[in-house]
Every structure is written in structure tokens, then in C-alpha cells.
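Structure first, commentary second.
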Amino acid sequence: MKLKGSLFVILMLSLPAISAEHSTMKMTDMASSASSQEYMAGMKDMHEKMMTAFKESDPDKAFAKGMIPHHEGAIAMAETELKYGKDPEMRKLAQNIIKAQKSEIEQMNKWVSNHK
């Protein structure tokens, strides 16, 4: 249990640095392909929602509420892969990610609902 708490504290303390690093990225530094633009838009949305979730004082609720947008971000990335990707292995992985992440989002939403 102490390890879980320690890891949570480390994550919380590192988020401002991670956020600052992402905010200094210039969009001109990124590839301008349609898929790259979709990936970046999805990441921006995911990070904003995660930061809001981590304002929760209860670590269990913060974890669940932070992981939901994280998983939604994974789904968005997987959908972008399906839209633009050509490699059969990556497309299959994207399909598996969507299925798994949706199931976990459902589980976390249910948990959050039961722990208000």
C-alpha cells in the first residue's frame, strides 16, 4: 500500500513538469500530416481532462477520474490508426485497444458512480 501511495505522489509531483514540457512544444515542430494533427489534438484534450481529474483529493478517485480520459485518449489514438494506418498488425492492435479500453472505462465509470 505504501508503494502505491508513493507512486501516486511521484506521479502527482511530476505532472507539472510533464505538462510544462508538452506546453512548450511548437506545433510547427510536429509533422503536419492529418494523422499527426489528430494525434496532437487528442493528446491535448486528454491532458487537459487528466489535469482536471487530478484535482480530486482522494487518491482512488483521482486515479479513476484521471485514467478515464487517459483511456479515452488511447481510444482516440487507436481510431486515428484505423483511419490512416495501413499495417495489418497495428490496425489489429488498435482494434484490441479500443475493445479493452472501453471495457475498462465502463468499469471505472461504474466505480466512480458508486463512490460519490
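Quick notes on this structure:
- Counting only residues that are exposed (fewer than 13 other Cβ atoms within 10 Å of the Cβ) and touching a helix residue (DSSP H, G or I) at 6+ places or on another chain (Cβ under 8 Å), the range 103-116 holds 1 of them.
- From the list SER32, SER36, the one residue that fits, being of a type in the set (S, T, N, Q), at pLDDT 70 or above, outside any helix (DSSP H, G or I) and out of contact with any helix residue (DSSP H, G or I) (no Cβ under 6 Å at 6 or more places or on another chain), is SER32.
- Hey, LYS86 modelled with pLDDT of 95 or more, assigned to a loop (DSSP other than H, G, I, E, B) and loosely packed, with under 15 Cβ neighbours inside 10 Å or not: yes
- Residues located in the range 98-116, provided they are free of Cβ contacts under 8 Å to residues at least 24 places away in the same chain, over 22 Å from LYS83 (Cα atoms) and either charged (D, E, K, R) or in contact with an Asp or Glu (Cβ under 7 Å, 6 or more places away or on another chain) (or both): GLU106, LYS110, LYS116
- PHE54 meets the stated requirement of being in contact with a Leu (Cβ under 7 Å, 6 or more places away or on another chain) and touching a residue at least 24 places away in the same chain (Cβ under 8 Å).
- Of the residues making up the range 55-92, those that are touching a helix residue (DSSP H, G or I) at 6+ places or on another chain (Cβ under 8 Å) and farther than 29 Å from HIS115 by Cβ are GLU79, THR80, GLU81, LEU82, LYS83, TYR84, GLY85, MET90, ARG91.
- Criterion (modelled with pLDDT of 95 or more and either assigned to a helix (DSSP H, G or I) or surrounded by 13 or more Cβ atoms within 10 Å (Cβ to Cβ) (or both)) met by exactly one of GLU56, GLU48, GLU81: GLU81
The values are calculated or read from the model by the stated rules, or taken from the named source; none is laboratory data. As the structure is a prediction and not an experimental result, all values here were calculated from the model. Positions of Cβ are generated from backbone atoms using ideal geometry, with glycine treated the same way; all protein chains shown enter the neighbour counts.
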